[in-house]
Every structure is written in C-alpha cells, then in structure tokens.
1. Which order do peptides 8-15, 181-188 fall in by mean Cβ count within 10 Å, highest first?
2. Which peptide among 167-178, 189-200, 80-91, 152-163 comes first, and what is the full order, when sorted by highest mean count of other Cβ atoms within 10 Å?
Amino acid sequence: MSTISPFRALLAVDVDGYGRQPDALLSMLHREIYAALTNVCERSSLAEAWSSVSLLQRPGDELVALLPVETLPLLVHPFLDHLQEELVRADRRLREHDRDLRLRLRVAVHVGSVRGDASVTAGISRAMNEVHRLLGCDPVRSALRDSDPDVTFVAAVLSEQVFAQVVEGGRTELPPSEFTKVRAKVKQFDQPAWLYVPRPSRGPAETGSTESERPAPASPA
C-alpha cells in the first residue's frame with residue numbers, strides 16, 4: 001500500500017546565463033550560490049530549516065531545496081528581498097575575478113507532496129516537475145533579461161497555490177499588489193503564477209532615448 005509523501009516547500013533557483021560562463025568559473029559560481037543561500041537563510045530565520053534541507057539538483061545549474069511546509073511565508077518574505085541584497089554583495093566579489101561574471105538568479109517557490117529521502121525515487125513527483133516548469137517560464141526569464149543587470153539580481157515566481165496560501169492568506173508582509181499575475185507556460189505545463197521582483201529596473205535599451213529620437217537643436221534666430 002503506497003503512502004502519501006509529506007507536503008514540502010519547494011525552493012528552486014537557476015543562474016541566468018550559466019551556460020555562457022567558462023568551465024573554469026563554474027565551480028566558483030556554485031560556491032557563491034550555496035554561500036548566498038546559506039547567508040540569506042540565516043538572515044531570514046531559516047537557518048535551522050536550511051541546516052537539514054534536502055537538496056536535489058539536476059544537471060547544470062538548477063537547484064531545488066525541499067524545506068518544511070511551514071517555511072513558505074519566510075521564503076516569500078523576507079527571503080527574496082534578502083537574496084537580492086546578498087547577490088549585490090556577491091556581484092562585487094565576482095567582478096574582481098572576471099568583470100563579465102554575474103550571479104543573477106531566477107527563483108520559483110512552490111508547495112506539494114515530495115519524497116526527500118535517499119531512495120532512488122526521491123524527488124520524483126508532480127510538484128518537482130512543476131517547480132522546474134515555473135523556473136523556466138518566460139515571464140520570469142524576461143524579468144531578468146529586460147532589466148538592468150547592475151540593479152536587478154533576482155526575479156521570482158510563485159505558484160498559484162503559494163500565492164493564495166501565503167500572500168492572499170495574509171501570512172507575509174508583502175501585499176498582493178506587489179505581485180504581477182502571469183501565465184507560466186512551458187511544454188504541457190500551463191498555469192497562472194505570480195511574479196515578484198524585489199528591485200525592478202529597466203534594461204539599458206529601455207532607458208533614455210537614442211540619438212535619432214532626440215529632438216533636433218533649434219535653429220539660431
């Protein structure tokens with residue numbers, strides 16, 4: 001007789017532009033990711049939960065952490081805001097090694113039934129598949145792609161379930177008005193989700209006007 005796996009909070013992160021980085025720098029990026037997440041959890045009252053977290057990672061840079069379901073409110077706030085602040089500091093360190101090396105993260109927060117033990121079937125679940133689809137949806141990718149890379153370091157997407165339980169349910173300090181409803185559509189996955197960017201900005205192409213758009217100087221009288 002099969003048993004129902006426990007409900008967990010799912011935190012997924014992915015590095016923007018990871019595949020464009022040279023092999024020699026990938027290990028440094030991974031160290032920075034783990035250090036940043038650890039520091040942010042300590043600042044967000046999640047240190048105890050993080051110390052016993054189940055980490056599942058797919059090939060590449062996607063990382064999923066399974067946390068107790070009661071941590072969901074803190075993962076929405078203040079975790080995401082603290083992560084933005086932490087990555088600003090990490091950016092300064094990384095640019096000392098390579099001026100083109102950046103650590104900007106897409107984040108997805110979901111909730112669902114997932115096994116997090118050491119068995120061969122650990123992590124195989126609908127919720128795990130869904131959090132990866134959320135992480136790869138176009139709205140959260142565009143939020144980073146179309147922003148200023150020196151300002152916006154985090155773009156996060158919440159599943160409809162998390163938004164309803166945590167944000168609309170009044171379990172976080174962030175009001176619903178700070179979130180934008182989007183459509184997360186990846187392959188067969190197609191669900192509403194909610195976008196949150198702790199520090200939004202416009203990309204360089206959107207700021208100011210080009211030379212051709214600027215008004216011509218007035219002719220002398």
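A short reminder: the numbers here are calculations on the coordinates, not readings from a lab. These figures come from a predicted structure and were not determined experimentally. Counting neighbours? That spans all protein chains shown, and the Cβs are built from the backbone with ideal geometry, glycine included.
1. 8-15, 181-188
2. 152-163, 80-91, 189-200, 167-178
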